[in-house]
1. Mind checking whether some residue in the range 65-80 is part of a strand (DSSP E or B), touching a residue at least 60 places away in the same chain (Cβ under 8 Å) and at negative phi?
2. Name the residue that is surrounded by the fewest Cβ atoms within 10 Å (Cβ to Cβ), counting only residues in the range 116-142 that are over 19 Å from the mean Cα position of the chain (by Cα) and not in a helix (DSSP H, G or I).
3. Among the listed residues Ile74, Ile118, Ile64, Ile29, identify the single one that is touching a Pro at 6+ places or on another chain (Cβ under 7 Å), outside the structural domain of Ser196 (by TED's automatic domain parsing) and over 24 Å from Asp149 (Cβ atoms).
4. Give the range 16-70 a look and list any residue that's closer than 12 Å to Cys119 by Cβ, touching a Lys or Arg at 6+ places or on another chain (Cβ under 6 Å) and of a type outside the set (A, V, I, L, M, F, W, C), or say none.
5. Hey, can you tell me all the residues within the range 204-216 that are of a type outside the set (Ser, Thr, Tyr), at pLDDT 90 or above and over 24 Å from Thr13 (Cα atoms)?
6. Among residues belonging to the range 278-291 that are of a type outside the set (Phe, Trp, Tyr) and modelled with pLDDT under 90, point out the one that is nearest to Ile234 (Cα to Cα).
7. Is there a residue in the range 252-275 that is modelled with pLDDT of 85 or more and closer than 23 Å to Asn143 by Cα?
8. Among the candidates Lys88, Lys103, which residue alone is closer than 16 Å to Asp188 by Cβ, out of contact with any Phe, Trp or Tyr (no Cβ under 8 Å at 6 or more places or on another chain) and of a type in the set (Lys, Arg)?
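The values are calculated or read from the model by the stated rules, or taken from the named source; none is laboratory data. Predicted model only: the values in this text are computed from it and were never measured. No Cβ is skipped: glycine too gets one built from the backbone with ideal geometry, and neighbour counts run over all protein chains shown.
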Amino acid sequence: MYGLFEKCDYLNTPVECFEYDAAKYNFPIKPHWHYFAEFIYITEGKAELHSDDKTYVLGKGDFIIFHPSAVHSIFPADGPLPKCLVLKFDIGRFTMTPAYAPKLRSIFRYARKNDMRICFDAAEAEKMNCSEVLADCIKEINNYRYGFDIMLQSHIYRLLMSIIRCWLDEGLIIDISHIPPEDSYGIDNITELIDSSINENLKVSDIAEQCGMSYSCFAKKFREHYGMSCKEYIEHMRIYKAEEYLLFTDHDINYISQETGFSDCSHLIKSFRRYRGLTPGQFRNQKQHRT
């Protein structure tokens, strides 16, 4: 299966949303898999899609979801080549806060195990507002305005809840008694733990232990899947968090360093200069000057 593995940029783009025109890009899309969930809404033409050894033919207005780790592919069908809206995202970064609700990743994994349908016709997709939701996601990604990440998540949550409610109406039972909470971590969801603890003194050895792996095994697998070492990933994430504080708040460098897990402001400045080529202060002034 690893020959079919498609690496995703988990760090820079935990959410991707874009328009795809089969007449302009590489097509067909050969069998592959990744740890992201992938949603596709057909805007024009027709396509033959394969997932989990099943075949689906979709036309204008139809909608399909590919579960994380599912091998899937897209080929032409009779008629014009398809155009579609595509949403890919790390479902592990979307949480359910109510105590009664299992994690979204657990719900989708359980739905796949119970063979809940993944294809929805145009009428059902319209009720879910698929076209509107995906268009709004593309707009937020392109505009990158204050709170874009919150808006982006809200649109995706809206679509996720529509899918889950459909499954509930069709008999899926998803309370905690049926879906026990996941206490363990693996390579596919360890970034969830890292992201939630980014302001703490994270040690790769402790993270490896959470995955139930030796340090060397974990380090190898992490680099295979994320294209960098775990230590580099943590450092990059801290830089991205610092950028958000610099862009969207007026907190000083000392406060930002504490909130993003750097040992002190000197550590933040040194790391920021290494990755961005300028100091946090210069970055903030440059961005403010442009706006």
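1. The answer is yes, given that some residue of the range 65-80 is part of a strand (DSSP E or B), touching a residue at least 60 places away in the same chain (Cβ under 8 Å) and at negative phi.
2. Asp121
3. Ile74
4. Scanning the range 16-70 gives a single hit, Gly59.
5. Of everything in the range 204-216, just one residue is of a type outside the set (Ser, Thr, Tyr), at pLDDT 90 or above and over 24 Å from Thr13 (Cα atoms), namely Asp206.
6. The residue in question is Arg284.
7. no
8. When all the criteria are applied, what remains is Lys103.
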